[in-house]
1. Filter the stretch 338-358 for residues that are of a type outside the set (D, E, K, R) and under 11 Å from residue 322 (Cβ atoms) and give the result.
2. Got a number for residues in the stretch 59-98 being within 19 Å of residue 232 (Cβ to Cβ) and polar (S, T, N, Q)?
3. When you look at residue 31, is it surrounded by fewer than 22 Cβ atoms within 10 Å (Cβ to Cβ) and in the same structural domain as residue 172 (by TED's automatic domain parsing), yes or no?
4. Where residues in the stretch 242-257 are surrounded by 22 or more Cβ atoms within 10 Å (Cβ to Cβ) and within 16 Å of ligand 2 (Cβ to nearest atom), which of them is farthest from residue 30 (Cα to Cα)?
5. Here are some conditions: (1) crowded, with 23+ Cβ neighbours inside 10 Å; (2) touching a residue at least 24 places away in the same chain (Cβ under 8 Å). Residue 326 meets all but one. Which one does it not meet?
6. Return the residue satisfying two criteria in turn: it lies in the stretch 292-307 and is surrounded by fewer than 16 Cβ atoms within 10 Å (Cβ to Cβ) and in contact (Cβ under 8 Å) with a residue 12 or more places away in the chain, and of such residues it is farthest from residue 29 (Cα to Cα).
7. Somewhere in the stretch 169-185, is a residue away from ligand 2 (no atom under 16 Å from the Cβ), over 21 Å from the mean Cα position of the chain (by Cα) and among the β-branched types (Val, Ile, Thr)?
8. Could you check residue 180 against (1) without any contact (Cβ under 8 Å) to a residue 40 or more places away in the chain; (2) under 21 Å from residue 274 (Cβ atoms); (3) more than 15 Å from ligand 1 (Cβ to nearest atom) and say which number it fails?
Amino acid sequence: ATPTALMVGVGRGGQLGILIKGPDALEASGRIDTVVLDKTGTLTTGRMALERTVVAADGPLADEDAVLAVAAAIERRSEHPIARAVTDAADARGLAVPGLGAQLRTLSPAADAGTSAAGDNVRSDAGGAYDAGGAYDAGGAYDAGDAYDAGDAYDAGDAYVVTEAAALPGQGARGLLVRSGDAVPGGESTEEVMIGTPELMAQIGAIVPDDIARALEAAADEGRTGVVLAIGGRVAGALVVSDRIKDSAAEAVARLRAMGLHTVLLTGDHERAARAVGDSVGVDEVIAGVLPTDKVATIERLQAAGRRVAMVGDGINDAAALATANLGLAVVTGTDVAMKSADIILVRKNLQVVPDSIALSRRTLRTIR
Ligand code: ADP
Ligand code: MG
């Protein structure tokens, strides 16, 4: 190979918004036969918006604001677009967890996790936290037939903080909701808060009630992503977010296919949301519900089948896959780690930059041969 021609190709890429890290990357780019595209932030804009908040009818939180406040508190440490959508919406409404006391219906003790039964959903302080002018509205959650447990006091005066918030890559986020107050046994109680996929809920043994399952179905039918919030193993609600497919996505995929490349959409999102995007942009194959660690295995499986794979991603939950692929292309809206893991950085928002870069590499290799 003539290094000069390769360097000319690298230079030409720079003019097109295609930052090729060196001659090797350009050579690899000219030889790939499969293009794997991440969904969120790659085929879509990745700027998600919160569409709705759904409160579980028999859950531990009384209203949308409470669901959103708790969700946002544990999402603050995640850089996922869903986390951004949730925290932005909470900020816009001025919601914060310390103000939560007045919005709580109940919190079950950890021993109750997942075993919430009908008639056991509303609890109050035997000393009278429930009062006619209080947090429960007439049509709402209070039911004379419910059992009240003095050991599990609801008290608007209690203080709440969320600690140890952390992202669970490809699944959601978690944190601890710490409640302190005179009515709390031992002065303080802690419950685990989780937000994320229905699979994550299954892992912690949280049962998704029918009303929330229906909300998730409705979201999936719209091609939107619904995530579930649970406190102490009890489902509190769902949050539905929307993303927008990039205007350039369908044309870019069509061009890749016209170049003889096999196109694959790879995502951690659930099957139906993934299909909706896949059908709309016209990829050959959709691989959904894949955890970040399994994205690497998916690339390796394609390679083991003899494919030379390019991976296009933004580095959020796919940096390792970018590094594993024969060629990693990072879209510039992504993370620093994506820039480090990739062989080629795409600094144009228009997805045509993907077929452009492969076409450039092929042309350059042809001039060499
Ligand atoms: P993608 O492959 O589309 O980029 P991810 O692998 O980042 O998706 O995430 C997969 C799924 O995990 C998301 O669709 C969402 O359901 C869930 N998830 C990931 N991160 C979060 C988060 N911070 N909050 C809530 N849900 C999340
Ligand atoms: Mg992504």
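The values are calculated or read from the model by the stated rules, or taken from the named source; none is laboratory data. Just so it is clear, the model here is predicted, and its values are computed rather than measured. Ideal geometry is used to build each Cβ from the backbone, glycine not excepted, and the neighbour counts take in all protein chains shown.
1. 338, 339, 341, 342, 344, 345
2. 0
3. Against the criterion (surrounded by fewer than 22 Cβ atoms within 10 Å (Cβ to Cβ) and in the same structural domain as residue 172 (by TED's automatic domain parsing)), residue 31 does not qualify.
4. Going through the qualifying residues, I end up with 243.
5. Failing condition for residue 326: (1).
6. By that ranking, first place goes to 293.
7. Among the residues of the stretch 169-185, at least one is away from ligand 2 (no atom under 16 Å from the Cβ), over 21 Å from the mean Cα position of the chain (by Cα) and among the β-branched types (Val, Ile, Thr), which makes the answer yes.
8. Answer for residue 180: the failing condition is (2).
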